[in-house]
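For reference, the structure discussed in these notes is given below.
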């Protein structure tokens, strides 16, 4: 059981492990991934329901004890979730990308910087990056296997990079897709992506202009606004004031 869980986590695949902590069969386990039951069984009459509950908790990045009923008997199962690691993929090694990668690493994100221009995508500019890819963005995104723990920020300001990258990102399960640029730039971008086959539903996933409205001006302030929006989306918040 634990070897299979370790294999899932090694391959960056989200998983959940349900264990009976009260009732019978005490200690029974059920291992679930996004593709369904991987191993184990608690009770054949409950496994499907427990797996469904585990996937909901996995999406919410929460762990909790759930109670189940079998006739007059009850059992409590602790569902422990192992969500995918949070990843930030930065498209474009521009000035804003430098403080953005610093802030993301401070928050525990695995950071990848992608730019086909080798002069910009260097370890000297991005010393904290986990990975630097000198490739065309759409090729890089295809190789990176975007998942629900991934955020993609497009900063290149160049349609030949922006459009293919955004199209690949909005067609993936990525949690967040943001793009820098003015409202006018974004309007032109949306029309171009629509002509490239993007649906309105896919286009609605793009956060543009990118970042929360903090009045940001400097590259570091813009990076802060972008990262704040990514965190807000992760926890389904609108980024407004806390209740007083």
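Explain nothing, just the number: relative contact order of region 182-240, from Cα pairs under 8 Å at least 6 residues apart, as a whole percent.
Worked out over region 182-240, it gives 26 percent.
Given Cα pairs under 8 Å that are at least 6 residues apart, what percent is the relative contact order of the chain?
13 percent
Ranked from highest to lowest mean number of other Cβ atoms within 10 Å per residue, what is the order of the peptides 83-91, 158-166?
83-91, 158-166
Mean residue ellipticity at 222 nm from the helices of the chain, using -39,500 (n - 2.57) per DSSP H segment of n ≥ 4 over the full residue count, to the nearest 500 deg cm²/dmol?
-10500 deg cm²/dmol
Let a ≥ b ≥ c be the square roots of the eigenvalues of the Cα gyration tensor of region 77-134; is it rounded (a/c under 1.5), or, if not, prolate (a/b larger than b/c) or oblate?
In terms of gyration-tensor shape, prolate.
Calculate, in whole percent, how much of the Cα-Cα pair population of region 16-166 lies beyond 26 Å.
In whole percent, the share of Cα-Cα pairs in region 16-166 beyond 26 Å is 45.
Could you please state, rounded to a whole Å, how far the C-alpha centre of region 1-63 is from the C-alpha centre of region 127-180?
So the separation of the two Cα centres works out to 31 Å.
Give the Rg (one decimal place) followed by the Dmax (whole number) of region 87-234, computed from C-alpha coordinates and expressed in Å.
Reported Rg and Dmax, both Å: 13.8, 39.
Taking one equal scatterer on every alpha-carbon of region 2-82, how large is log10 of I(q)/I(0) by Debye at q = 0.21 1/Å?
The Cα Debye sum returns log10 ratios of -0.87.
In nm, give the distance between the simple-model label positions of residue 13 and residue 59, each being 7 Å from the Cα along the Cα-to-Cβ direction.
With each label placed 7 Å out from Cα toward Cβ, I get 2.0 nm.
I'd like the orientation of helix 97-106 relative to the chain: the angle between its Cα long axis and the longest Cα principal axis, in ° from 0 to 90, rounded to 10.
20 degrees
Which FRET efficiency value, to the nearest 0.05, do you get for residue 106 and residue 213 by plugging their Cβ-Cβ distance into 1/(1 + (r/R0)^6) with R0 = 35 Å?
The value I calculate is 0.95.
What spacing in nm lies between the two simple spin-label points modelled at residue 34 and residue 80, each 7 Å away from Cα in the Cβ direction?
Between residue 34 and residue 80, the label points sit 2.2 nm apart.
Multiply the residue gap between residue 191 and residue 1 by 0.36 nm, knock off their C-alpha separation, and tell me the result in nm, one decimal place.
Length gained between residue 191 and residue 1: 63.5 nm.
Based only on other Cβ atoms within 10 Å, what is the fewest-to-most ordering of 64, 13?
64, 13
Just so you know, all these numbers are worked out from the coordinates, no wet-lab data involved. What you are looking at is a predicted structure, and each value in this text was computed from that prediction instead of being measured. In this analysis, Cβ positions are derived from the backbone assuming ideal geometry, glycine residues included, and neighbour counts consider all displayed protein chains.
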